[in-house]
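The values are calculated or read from the model by the stated rules, or taken from the named source; none is laboratory data. Predicted model only: the values in this text are computed from it and were never measured. No Cβ is skipped: glycine too gets one built from the backbone with ideal geometry, and neighbour counts run over all protein chains shown. Just so you know, the surface numbers come from the protein's heavy atoms only, side chains and all, with ligands and any DNA or RNA stripped out. Shrake-Rupley method; radii C 1.70, N 1.55, O 1.52, S 1.80 Å.
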Amino acid sequence: AKSSHWKKLLNSFLMPNLSKRKADIISTVEFNHTGELLATGDKGGRVVIFQREQESKNQVHRRGEYNVYSTFQSHEPEFDYLKSLEIEEKINKIRWLPQQNAAYFLLSTNDKTVKLWKVSERDKRPEGYNLKDEEGRLRDPATITTLRVPVLRPMDLMVEATPRRVFANAHTYHINSISVNSDYETYMSADDLRINLWNFEITNQSFNIVDIKPANMEELTEVITAAEFHPHHCNTFVYSSSKGTIRLCDMRASALCDRHTKFFEEPEDPSNRSFFSEIISSISDVKFSHSGRYIMTRDYLTVKVWDLNMENRPIETYQVHDYLRSKLCSLYENDCIFDKFECVWNGSDSVIMTGSYNNFFRMFDRNTKRDVTLEASRENSKPRAILKPRKVCVGGKRRKDEISVDSLDFSKKILHTAWHPSENIIAVAATNNLYIFQDKVN
């Protein structure tokens, strides 16, 4: 993850309006299993899919550029009349299914409803119907004297997105995670207090596999913050909580997985105890490594890597922005302390990436223990420009290339990132801009 190896691949994709309209703010980013497609969801309920350009002999350097492939409205704003609640259209998560044929399938969810979308190409159209004329109007059967065989004619490529399944009415609280199982027949959706298991073919029924709702809501002490299936074992999944704990569950043990198989928690250091301890220990994201051996979690200040065979403490802890520890009071007052940062692995599980403020994002090399801070901003977004490492100055004399912790912009935050499954290509969402960076190519 050497900084000089990260080169700007292309201009930031700007959503139609350059002003930070709320609807244009990117809320999720996800590569498909081959990395040829990249999907983003935004607060306006739209899904934009980018496709990677194929390499041509005369433009070798263009290989890797992503261009808009399809845009569609996934969710619309709704109103729950029974509870007098608005259900916003914001896309919380997108998850791709492995490609089985020429079409692509993805799941997208807002706070209440998960949808399965089919994205397919059409470059031929049928002509020469017997019962319809060229405009599509029905012909008078009395005028039909010959039988024609319809033929397929070439047409301009059209990419269509059609909703194949709608999975609704199963969540009382807001959905924070969806995860496709490795059997590719089922997936789970998690909200603040429950996790449901769905079959892709059945939309009117789901199985509740985790329920942490107490009989008396006044006794509620924690909520579910994220959940994910194991990449290889279809019976295993993890979910994280606002108390900083991770539970590993095995669906073979019980239909309702209220009793966990493993419980991961790091004992708190009493010397670091403060008013904000509980808030900053809340886990905002949990991800299995591609190998399935490790779990990565992100809390407000750190990224931790856990070995599935060791529950009492993480094997690695990386400080994302420890210089904010002295700023927690003001971050609490402006609600930034509740921001939910995501984290991602690279394809070989050797490097991890997560976001920060001031449009900074961090990379940690697990082998060399080196880390780097990079910036995704329009100022340094010229194509093929090499990203320079950034440093934050905490106190004392500030060097020329350093930025003071007091001048960080907390409205510019990178919450959502994605890493290509096999190559060093990353996607970084900075408010309403999507940046794509690629490892340096000669």
Identify unpaired cysteines across the chain, taking unpaired to mean no other cysteine Cβ lies under 4.7 Å from the residue's Cβ. CYS234, CYS329, CYS336, CYS343, CYS393
When the dipole is taken about the Cα centre of segment 305-442, and only Lys, Arg (+1) and Asp, Glu (-1) are charged at their Cβ, what size is it in debye, to the nearest 20? 680
Using only alpha carbons, build the gyration tensor for segment 154-195 and give me the equivalent ellipsoid semi-axes, biggest first, whole Å. 31, 14, 9
Between (1) 22.8, 89; (2) 21.7, 63; (3) 24.1, 93, which entry matches Rg and Dmax of the Cα atoms in Å as derived from the coordinates of this structure? (3)
Report the gain in length on full extension from ASP140 to THR34: 0.36 nm times residue separation, minus Cα-Cα distance, nm rounded to one decimal. 33.1 nm
Using per-residue counts of other Cβ atoms within 10 Å, averaged over each peptide, order 399-405, 186-192 from highest down. 186-192, 399-405
Considering the Cα trace of segment 122-174, what is its radius of gyration and what is Dmax, both in angstroms? 19.7, 62
Dipole size in debye (nearest 20) for segment 184-327 around its Cα centre, Lys and Arg Cβ +1, Asp and Glu Cβ -1? 240
Using a Gaussian network model of the chain whose springs link C-alpha atoms within less than 10 Å, name the residue from ARG325, ARG46, ARG125 with the highest mean-square fluctuation. ARG125
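Show me 97-107, 349-359 ranked by packing, highest mean number of other Cβ atoms within 10 Å first.
349-359, 97-107
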Among SER271, THR302, TYR239, pick out the residue whose Cα is farthest towards the positive end of the charge dipole of segment 226-319, where Lys and Arg carry +1 and Asp and Glu carry -1 on C-beta, about the Cα centre. TYR239
Pair-distance profile P(r), taking every C-alpha pair of segment 313-442, with 10 angstrom steps and integer %: 11, 41, 36, 11, 0
Residue with peak Gaussian network fluctuation, the chain [Cα springs, cutoff 10 Å], from ILE91, ILE202, ILE49: ILE202
Filter the chymotrypsin sites (Phe, Trp or Tyr not before Pro) in segment 250-308 to those in DSSP coil with at most 10 other Cβ atoms within 10 Å of their Cβ, and list the result. PHE275
In nanometres, the difference between 0.36 nm per residue of separation and the alpha-carbon distance of ASN235 and LYS83 is 51.2 nm
One finds, for LYS369 and ASP250 with R0 = 30 angstrom and r their Cβ-Cβ distance, a FRET efficiency to the nearest 0.05 of 0.35
Pairwise FRET efficiency - THR71 versus VAL151, Cβ, R0 = 25 Å, nearest 0.05: 0.20
Cα gyration tensor of segment 70-191, axes a ≥ b ≥ c as square roots of the eigenvalues: rounded (a/c below 1.5), prolate (a/b > b/c) or oblate? prolate
Share of carbon and sulfur in the accessible heavy-atom surface of segment 153-268 [1.4 Å probe, %]: 47
